[in-house]
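Taking it in order: structure first as structure tokens, then the write-up.
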Amino acid sequence: MFDIQSYQKAESVQDAVRLLAEDPEARLIAGGTDVLIKLREFEGFSRLVDIHDLPELKPITREADGTIRVGSGATFTDIEESPLVRACIPLLGEAAASVAGPQIRNVGTIGGNLCNGAVSADTCAPVLALNGSLNLLGPEGPRTIPALGFHTGPGKVALKPGEVLLSIDFRPEDWMGWGGHYYKYAMREAMDIATIGCAAAVKLDGTTISGIRLAYSVSAPVPVRCPAAEAAALGRSAAPDDLPATLAAVRDAVEADVKPRTSWRAAKDFRLHIIRTLAERVLARCVVRAVSLQEGSC
């Protein structure tokens, strides 16, 4: 049996903020795919405020300025099947499609995936590669913060007491004309936590790499961007004859950006091998997509 001491269903986001302020020990539950596990295994998850299926948290929209806004209550299935995601930010859809099985994807949300603080969360690396920002609401009012830096340690995020994640924004300059890709390496092809997750986005000026963002999950205590690897590629040629050398430079530089560890799931050296391999594989796919986008855009 679950040790549920208190359960309250929020009628709106403002109501959720109020309920959290009234009970500082309460935790949010949306899809519940992580919280229900923690109810069984950890203390401090027995007082719940339910924000599942709040309409204001569900939409995936393109704003007037071109910003793609993904509601925190959007499920992985919502994201995977969204025509807007598929057309404009497909790497986020690829990450959503890689999560667990269809039953979990039907109820698990991107907001829960980010706010749970798990370094293996599949949507973290794509959100970083897309330079996303997080819209929050708390007792002190709304605020917007970069996704980079939101994770502060294993299982820890920069939410203030009583705050709710409303949505994730991707500005047009961060996705329009950028070729992106996400790849999840896991020991099994389905229903498994990532051993390493890699996301990247590349922008080309002709055949020159004019912009690059590379991000990983499970390669450090928090999801990370890779400034050394990005610098190794920026300004280099992505022409077919030159691309192998450019990718090799990134592969060698990425070691400075990551801090993989040995665990029961994988040894440090093996994780580093996967990190280096995925740097080349994912970026090569990004280049292909970036070339196609030069002929048109979302």
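Partner aspartates and glutamates whose Cα lies under 16 Å from the Cα of LYS184, excluding those fewer than 8 positions away in the same chain, are identified as GLU80, GLU94, ASP122, ASP192, GLU280. Taking trypsin sites (Lys or Arg not before Pro) across the stretch 111-209, the ones in a DSSP loop with at most 10 further Cβ atoms lying within 10 angstrom of their Cβ are ARG188. Highest mean packing first, where packing is the average number of other Cβ atoms within 10 Å per residue, the peptides 114-124, 171-181 line up as 114-124, 171-181.
For the chain, the longest principal axis of the Cα atoms and the long axis of helix 243-253 meet at an angle of about 50 degrees. Considering only HIS181, THR123, THR277, and ranking their Cα positions along the charge dipole of the chain that arises from unit charges at the beta-carbon of Lys, Arg, Asp and Glu, the one farthest toward the positive end is THR277.
The listed peptides 247-260, 12-25, ordered by packing as a protection proxy, come out as 247-260, 12-25 (highest mean of other Cβ atoms within 10 Å first). Listed by chain and number, the lysines whose C-alpha is less than 24 Å from the C-alpha of LYS160, apart from same-chain residues fewer than 8 away, are LYS9, LYS38, LYS58.
For the stretch 207-298, chymotrypsin sites (Phe, Trp or Tyr not before Pro) are listed when DSSP marks them as loop and at most 12 other Cβ atoms sit within 10 Å of their Cβ; the list is TRP264. Candidate values (1) 1.30; (2) 1.00; (3) 1.07 were compared with Cα Rg over 2.2 N^0.38 Å computed on the shown model; the agreeing label is (2).
None of the figures in this text is laboratory data; all of them are computed from the coordinates on show. No experiment lies behind these values; they were computed from the predicted model shown. Ideal geometry is used to build each Cβ from the backbone, glycine not excepted, and the neighbour counts take in all protein chains shown.
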